[in-house]
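Below is one structure; the comments refer to it alone.
The values are calculated or read from the model by the stated rules, or taken from the named source; none is laboratory data. Predicted model only: the values in this text are computed from it and were never measured. Ideal geometry is used to build each Cβ from the backbone, glycine not excepted, and the neighbour counts take in all protein chains shown.
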Amino acid sequence: MKPTALITGASGGIGYEFARLFAKSGYNLIVVARSEDKLMQLKEELGEHPVTIIPHDLSEPGAAEVLYSKVKELGLTVEVLVNNAGFGLNGQFDELPLLDQQKMLQVNVNTLTELTHLFLQDIKKAPLPDIPKGVINVASTAAFQPGPKMAVYYASKAYVLSFSEALVEELRGTGITVSTLCPGATDTNFFKTAKAEHTKLVKSTMSPVDVAKAGFLGFVKGKRVIVPGAANQSMAYASKFVPRSTAAKLAHYMDQ
Ligand SMILES: NC(=O)c1ccc[n+]([C@@H]2O[C@H](COP(=O)([O-])OP(=O)(O)OC[C@H]3O[C@@H](n4cnc5c(N)ncnc54)[C@H](OP(=O)(O)O)[C@@H]3O)[C@@H](O)[C@H]2O)c1
C-alpha cells in the first residue's frame, strides 16, 4: 500500500513543488486549492501517478470539516498533511478591510489548525510504520518577529510556529513528525497576492523548488523547524538576540 500526502495550496508556488516531490518519492497525492484548472495541470504533468483533486476554498468557516468528509467519502487515508495554503496582505492594519484579514486568519490559522486536528486522528492510526508520516505546517521567517504593514500575516505565522512546536512535544515518541517550514522571501505569486511587490523583500528570493525541497528533506529527517537558505537561517538566529522593538523597526524598513 502506498502512503498518501494531502497538500493544500498545491495549485502554485511552494505547494506545487511539494506535490511534485511527494509524487517523486512514491506518495499518492490529494491536492487542494481553489484553482481547479491549475490542479488539473499538475495532475496532467504527473501522468499516471495517482492524484486526487479536491477544489476547495479554505477561507470558508467549516472548510476543514468539509474537506475531511470529502476525503473520507473517497475512501482515502492520509499519512502526511501539508498545510501550505496561505496568503498575506500588505497595508496598514486599520486601513485594510477587516473581512479580508479575517479570511487570511481563517486560511492561515483556523483551517490549518482544524485540518491538523482532523487528520492527526488518522495519521496516528496509519498502518505504515516505515514511512515518514505526520504534518508539515508552512509558516515563514515572518514567524520570528512582528511585521508592521503585514501585522496580521506575521502574527498568523507566529501562531503556526508556536502551535506546531507544541505538537512536536505532545507527539514525541509516537513516530509522528511535525515540521514547521519557515521560508523567507520566495519567488511565487505570494507578493502579487499580498500587494507587496514594492517591498525590499522581493529583491532577494529563493526558488519554490529549493524551498519545497528543504521542507521535504527536513520532514523526512524528522526536523522540528526548517528554515531554508543560509541568509534566512542567519536572520532566524539573530532574531533570538535582537529586541523585538528593533526587529519590528527592521521589518518595517524592509516593507518600504
Ligand atoms: N512566497 C513567499 O515569500 C513566502 C514566504 C514565507 C512563507 N510563505 C508561505 O508559503 C505558503 C505558500 O505560498 P506561496 O509562496 O507558494 O504563494 P502562492 O504561489 O500564492 O500559493 C498560495 C497557495 O495557497 C492557495 N490558497 C490561497 N488561498 C486559498 C484559499 N482560500 N483556499 C484554498 N487555497 C488557497 C493558492 O491556491 P488558489 O489561489 O488556487 O486557491 C495557492 O495554491 C503560504 O502559506 C505562504 O504564507 C511564502
Residue 166 aliphatic (A, V, I, L, M) and free of Cβ contacts under 8 Å to residues at least 24 places away in the same chain: yes
Suppose we filter region 189-200 for residues that are surrounded by fewer than 21 Cβ atoms within 10 Å (Cβ to Cβ) and within 8 Å of the ligand (Cβ to nearest atom); how many remain? 4
Conditions (1) more than 13 Å from the ligand (Cβ to nearest atom); (2) part of a helix (DSSP H, G or I); (3) among the aliphatic types (A, V, I, L, M): number failed by residue 158: (1)
Pair list, Cβ under 7 Å, 6 or more apart: region 147-161 residue surrounded by fewer than 19 Cβ atoms within 10 Å (Cβ to Cβ), other residue at pLDDT below 95: 148/248; 148/251; 148/252; 148/255
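Given the condition in a loop (DSSP other than H, G, I, E, B), buried (at least 16 other Cβ atoms within 10 Å of the Cβ) and away from the ligand (no atom under 14 Å from the Cβ), answer yes or no: does some residue in region 135-144 qualify? Let's see the steps before the verdict.
Just the residues of region 135-144 that are in a loop (DSSP other than H, G, I, E, B), to begin with: 139-140.
Adding the requirement that they be buried (at least 16 other Cβ atoms within 10 Å of the Cβ) leaves 139-140.
If we keep only those that are away from the ligand (no atom under 14 Å from the Cβ) as well, we get none.
No, the conditions are met nowhere in region 135-144.
I'd like to check something: does region 202-214 contain any residue that is under 22 Å from residue 96 (Cβ atoms) and of a type in the set (Val, Ile, Thr)?
yes
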When the residues of region 9-27 are filtered to those that are near the ligand (Cβ under 8 Å from one of its atoms) and not in a helix (DSSP H, G or I), which remaining residue is nearest to residue 101 (Cα to Cα)? 9
Output for region 164-195, where each listed residue is farther than 21 Å from residue 147 by Cα and among the β-branched types (Val, Ile, Thr): 168, 174, 176, 177, 178
Show the residue pairs that are 6+ apart or on different chains and have beta-carbon atoms under 6 Å apart, the first residue being within region 237-256 and modelled with pLDDT under 90 and of a type outside the set (Gly, Ala, Ser), the second being surrounded by 15 or more Cβ atoms within 10 Å (Cβ to Cβ) and in a loop (DSSP other than H, G, I, E, B). 255/149; 255/199
In region 70-108, which residues are touching a His at 6+ places or on another chain (Cβ under 9 Å) and over 18 Å from residue 142 (Cα atoms)? 70
